[in-house]
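The values are calculated or read from the model by the stated rules, or taken from the named source; none is laboratory data. Remember, predicted model here, so these are calculated numbers, not experimental data. Every residue, glycine among them, receives a Cβ derived from its backbone with ideal geometry; neighbour counts consider all protein chains shown. These area figures cover heavy atoms from the full protein model, side chains too; ligands, DNA and RNA do not enter into them. Shrake-Rupley method; radii C 1.70, N 1.55, O 1.52, S 1.80 Å.
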Amino acid sequence: MPCRSAARTHVGTVRRRNEDAVLERAEIGLWAVADGAGGHERGDYASSRVIAALRDVDAALSGRSLVEEVKESLAKVNREVRAKAATIGPNALIGSTVAVLLIWDNQYCCLWAGDSRLYRMRAGQLRQMTRDQSHVQDLVDRGEILPESAATHPMANIVTNLIGAFDRLALEERHDRVEPGDILLLCSDGLSGALTDAEIVGILIGSPLPAATDRLIERALDQGARDNVSAVVVEYTA
């Protein structure tokens, strides 16, 4: 696989428990970030189940077959955490956002639910490749608030989709090409909510890959990082 990558996660500066989890399987072109929700030891259970399922995906698969296997694995986790929540109570939630990146040949697929993100940096320009499934993004889309107000909105933490939220999992999906030198960043909202695009670009340009991943986390912590913080950085080298 013509990629280099690094993955880091941190509890942040306020939380006692890290409900984020990350996956790095560069050998088959599969990476992920999951951000648990539900509290009371439920969020970290959900995110860990997401990552465990993706870790068990058959390494012999590639391309479209791998994408379909990932979808089915996430659908199974959705059913599992829904069933577990039902044993707790009718309104119990066990859930997790997820953003998955798959690369094969010269193309990629991103699958996501919630507000964990994929960014692409190409020729020094950063672009968000996912659309947040969140309340404030819906407000932005309807023109009720400006995009620059979204991060500080009092309902910024409300997502409209999660693994575990509904009986049937609805993943968003995006396919695109990758070019040599592209850097792709998967992250939880603990990172995207703490750093500006300019700060992310400055770090990705200014540091080699493992150091850049560490610096993204460190900068988010310097900003207060009230949430768990996770980053997976992938450089396409072909």
Highest-MSF residue in the chain out of A86, A52, A170 [GNM, Cα springs under 10 Å]
A86
Rounding to the nearest 20 debye, state how big the charge dipole of the chain is about its Cα centre with +1 on each Lys and Arg Cβ and -1 on each Asp and Glu Cβ.
340 debye
Correct semi-axes for the range 128-238, from √(5λ) of the alpha-carbon gyration tensor and rounded to whole Å with the largest first, are 25, 19, 14
On the accessible surface of the chain, probed at 1.4 Å with all protein chains in place, carbon and sulfur together account for a percent value of 47 percent
Note to self: C-alpha centroids of the range 1-67 and the range 128-191 sit apart, in Å, by 17 Å
When the Karplus curve 6.51 cos²θ - 1.76 cosθ + 1.60 is applied with θ = phi - 60°, which whole-Hz ³J(HN,Hα) does each residue of the range 170-183 get, with x for Gly and Pro?
10, 8, 7, 9, 9, 10, 7, 8, 10, 10, x, x, 4, 10
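Relative contact order, percent, of the range 38-135 when contacts are C-alpha pairs under 8 Å separated by at least 6 residues?
Working: 109 pairs, mean separation 21.6, N = 98.
Rounded, it is 22 percent for the range 38-135.
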Could you tell me which residue out of T9, A156, G193 lies farthest along the dipole of the chain toward its positive end? Charges go on the beta carbon: Lys and Arg +1, Asp and Glu -1, centred on the Cα centre.
T9
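Protein chains only, probe 1.4 Å: how do R131, R42, R15 rank by accessible area, largest first?
On the way: R131 85, R42 60, R15 110 Å².
Per-residue accessible area, sorted high to low, gives R15, R131, R42.
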Taking the Cβ-Cβ separation of R177 and N157 as r and a Förster radius of 22 Å, what is the calculated FRET efficiency to the nearest 0.05?
0.10
Longest exposed-site-free window of the chain, the sites being GluC sites (Glu not before Pro) in a DSSP loop that have at most 13 other C-beta atoms within 10 Å:
42-143
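Accessible area per residue of the chain at 1.4 Å probe, in Å²? Mind dumping the intermediate values first?
Details: 10830 Å² over 238 residues.
Per residue, the chain has an accessible area of 45 Å².
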